[in-house]
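Okay, structure first, notes after.
The values are calculated or read from the model by the stated rules, or taken from the named source; none is laboratory data. Predicted, not measured: the structure shown is a model, and the values here were computed from it. Counting neighbours? That spans all protein chains shown, and the Cβs are built from the backbone with ideal geometry, glycine included. Surface areas here come from the heavy atoms of the whole protein model, side chains and all, with no ligands, DNA or RNA. Shrake-Rupley method; radii C 1.70, N 1.55, O 1.52, S 1.80 Å.
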Amino acid sequence: MDPASPTSGAAPLVYFVDGMDCASCVQKVEGMVNRLPGTAGVKTSFAKQTLKLELDEQQTPRAVLEKNLKALGYTPSVLETAQSTQSRAAPPHEDHGGHDHAEEDHAGHVHEVLPAGTPWYAGKQGKLVIFSGVLLALAWGFGFIEPGLSVSGYVAATVLGVWPLAKQAWASARLGDPFSINMLVSLAAIGAVLIGQAAEGAVVVFFFAIGELLEGVAAGRARAGIQALAALAPKTALLVEGSGTREVPADSLQIGQTVQVRPGGRVPADGTITAGTSSLDDSPVTGESMPVTKTVGDSVFAGSINTDGVLSIQVDRAATDNTIARIIELVEEAEGSKAATARFIDRFSRYYTPGVVLVSALVALVPPLLFGAQWYPWLYKGITLLLIGCPCALVLSVPAAITSGISAGTRRGLLIKGGAALETIGTVKTVAFDKTGTLTAGKPRVTDVLGAGVSEGEVLRLAAAVEAGSSHPLAQAITKEAAAKNVTAPASQDAKAIAGKGISATVEGRTLFISSPQHAASTLNVAPDLQSKLTALEEQGKTAVVLHSADEILGGLAIRDEPRADARAAIARLKSMGVNTVMLTGDNARTGRAIASGLGLEVQAELLPEDKLRLISELKKSGGVAMVGDGINDAPALAQADVGIAMGGGTDVALETADAALLRGRVGDVADLVQLSRDTMSNIKWNIAFALGLKAIFLVTTLLGYTNLWMAILADTGATAIVTANALRLLGWNGGSVKKAPAPSGLPASGSV
């Protein structure tokens, strides 16, 4: 049965998998789980060491899955099931990051991610490297004193290093993966001992252990960013009770409670300021470099630093749903969405490794058997080819770069929901922008009120009643204007949004509408004088709306939303990168043209949501399309585009639909996303070219007899280290101001590496 399509009896499971802390570990676990009948929806995260899946226990009992994980060298603990009350207890989340892997036998898992601040030599892998190195040095020393003891030392060092590898290779073979990296190294090391080259066998496993140690260190650096995010939110909060405050755990805060944040303290929860004014440093959360002054009514993020005034904040989100928790969840989800390049490498390695074994066997056996060549030289060459063919660097080349790219983006307020999205963003030919709240600041204000049969004050009063309760920026501008002029809006009922046309509500017993002038003119007769005034306002870049009943026009309002300060420069930067830009707006054509001409991009106006979908489909015929928006009406377009990008201040619907989110709400961050994608993919291409090129060189030198075993494993370990180091360079990515470091190992420098 196809493991991706289990029966209806499948139920969700979430495991913490202790020891699954690198890209190759994830590949092993995913391969094993996907081969089991009754599994589906398999998602793994080596940063959090979690395994999520749906399992039909009638086909594969949970005990079998756990037994297989343990056989591969991992220790599973159930975190969540369909019946969470019946779940086995799992260690607390914070203990996972600090768990000392050295205390458990992972049956062959030989690299680890150590807790923050732990030196490399304190872990199991570090101790193995040190002990193997000491044995190797002693054996080398005895070579000058007693050669017999020297050989025994080399054999002991080889057995010590190869034993955990052989155990895991055997477990992988039993579970359907006979051609693992561990198997290649084990065969090479054992073969070296059998042909009398114990010294080179010891060097092989020693260098391989060093490579595994380096991989663990690199994975630790990638995980450190997520662990740092989790540490941003304070552990305690000052809960306001009566006239005083009480210190409580931050994760116990409930929606609606009020907390106090003093100067120098961190905001404990997402919320809204109810009293006080202060500058907040949002850089730990959004990457915004300058503190932002906020006051009553403004939203704040958990983890932001209060720099001066005392603030009272009403809690809007629980700890499990605050900005930091959502960022961490998005980053974890990102690992489960592989780039197309990563999927290709996975498929390639499934054929590549067996091919390496076959070629090695042919090199070792064909010349002696068919041509009477001496056995030793060709056996030696066959063993050397096993090591040269190890796909360590190749397997690491993509996930290491993708993880580093996503982590670097997260630190700058660029949330990317997966490797697939990160790869695609850099290839788009067109970026389509919504207008209100995306290219504009999303803080419009009423500039003009026009009466038609009623006073201007009455128009504002009735319009505020119709728009009451709406979260649309234009609606909020009207209600704020009414409040500023002390106009009391009457109660309204049955409010309904008419997609792309306006809104209606029952006010004081009659149904009133706020519509675009075009929609109003299609149903009613707009007086020429009022129409000319509305047209003039639209030509000034203002958004005009009409207040009317079913049978008469009552008046109009004009609203102006200024473009974001960085919008023009961002559009110019995208064009310089070869990306076309277009604004898709439901606003009138005159306002659209006025805004677009000032920013330097094309415009399509007076669009309904379905019109945006149609235009995006047409644009996709000329290449990839990214859609940038922030509202509920943008969600379909975000989903239709090749890449959907939500502005940080957008609605939850937009954020959930999008493939990426801009926490700082800057148009310039769209260009940064494109640049980050291109830099990451260039980094990957260099990694793949280096890994495969080095193997090709050593393949030739081995067949010509110039390469020995220790040189082969040194080349493999060196390639792994260089590929990893090149990928980790992305952690220092700094947007448009990224400093170009020299390419590794003599590769030509590139602005995109």
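Figures for the structure shown
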quantity	calculated
Residue check for Lys28: in a strand (DSSP E or B), open to solvent by 20 Å² or more (accessible area, probe 1.4 Å) and either modelled with pLDDT under 85 or touching a Phe, Trp or Tyr at 6+ places or on another chain (Cβ under 7 Å) (or both)	no
Helices (runs of 4 or more DSSP H) fully within the stretch 574-642 counting 1 or more residues that are closer than 18 Å to Ala421 by Cβ	609-619, 635-640
Candidate set: the stretch 458-471, residues that are within 16 Å of Phe513 (Cα to Cα) and surrounded by fewer than 18 Cβ atoms within 10 Å (Cβ to Cβ); chosen: the one modelled with the lowest pLDDT	Gly469
Residue count for the stretch 474-490, restricted to those that are open to solvent by 30 Å² or more (accessible area, probe 1.4 Å), more than 15 Å from Ala544 (Cβ to Cβ) and assigned to a helix (DSSP H, G or I)	5
Residue in the stretch 503-514 that is open to solvent by less than 50 Å² (accessible area, probe 1.4 Å) and under 38 Å from the mean Cα position of the chain (by Cα) present	yes
Filtered residues of the stretch 267-282 (kept if surrounded by fewer than 17 Cβ atoms within 10 Å (Cβ to Cβ) and hydroxyl-bearing (Ser, Thr, Tyr))	Thr272, Thr274, Thr277, Ser279
Which listed residue is at pLDDT 80 or above and open to solvent by 10 Å² or more (accessible area, probe 1.4 Å), from Ile181, Ile195	Ile195
Qualifying residue in the stretch 436-457 (condition: hydrophobic (A, V, I, L, M, F, W, C), within 30 Å of Gly644 (Cα to Cα), surrounded by fewer than 23 Cβ atoms within 10 Å (Cβ to Cβ) and out of contact with any His (no Cβ under 9 Å at 6 or more places or on another chain))	yes
Residue match in the stretch 6-19 (condition: assigned to a strand (DSSP E or B), surrounded by fewer than 16 Cβ atoms within 10 Å (Cβ to Cβ) and either at pLDDT 70 or above or of a type in the set (S, T, N, Q) (or both))	yes
Of the criteria (1) open to solvent by less than 10 Å² (accessible area, probe 1.4 Å); (2) assigned to a loop (DSSP other than H, G, I, E, B); (3) modelled with pLDDT of 90 or more; (4) not aromatic (Phe, Trp, Tyr), which one Pro37 fails	(1)
Near pairs, Cβ below 6 angstrom, 6+ apart or cross-chain, from the stretch 127-151 (in contact (Cβ under 8 Å) with a residue 60 or more places away in the chain) to any residue that is in a helix (DSSP H, G or I) and hydroxyl-bearing (Ser, Thr, Tyr)	Ala139/Ser150; Ala139/Tyr154
Residues located in the stretch 491-539, provided they are of a type in the set (Gly, Ala, Ser) and outside any loop (DSSP other than H, G, I, E, B)	Ser492, Ala495, Ala497, Gly502, Ser504, Ala505, Ser515, Ala520, Ala521, Ser522, Ser532, Ala536
Hey, Lys43 modelled with pLDDT of 75 or more, open to solvent by 60 Å² or more (accessible area, probe 1.4 Å) and closer than 24 Å to Pro164 by Cα or not	no
Criterion: in a helix (DSSP H, G or I), open to solvent by less than 10 Å² (accessible area, probe 1.4 Å) and free of Cβ contacts under 8 Å to residues at least 40 places away in the same chain - qualifying residue of Ala173, Ala189	Ala189
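To keep it simple, each residue is scored yes or no on (1) open to solvent by 20 Å² or more (accessible area, probe 1.4 Å); (2) modelled with pLDDT of 90 or more.
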position: Asp551; (1), (2): yes, no
position: Arg564; (1), (2): yes, no
position: Thr591; (1), (2): no, no
position: Glu602; (1), (2): yes, yes
position: Asp611; (1), (2): yes, no
position: Asp630; (1), (2): yes, no
position: Ala637; (1), (2): no, no
position: Gly649; (1), (2): yes, no
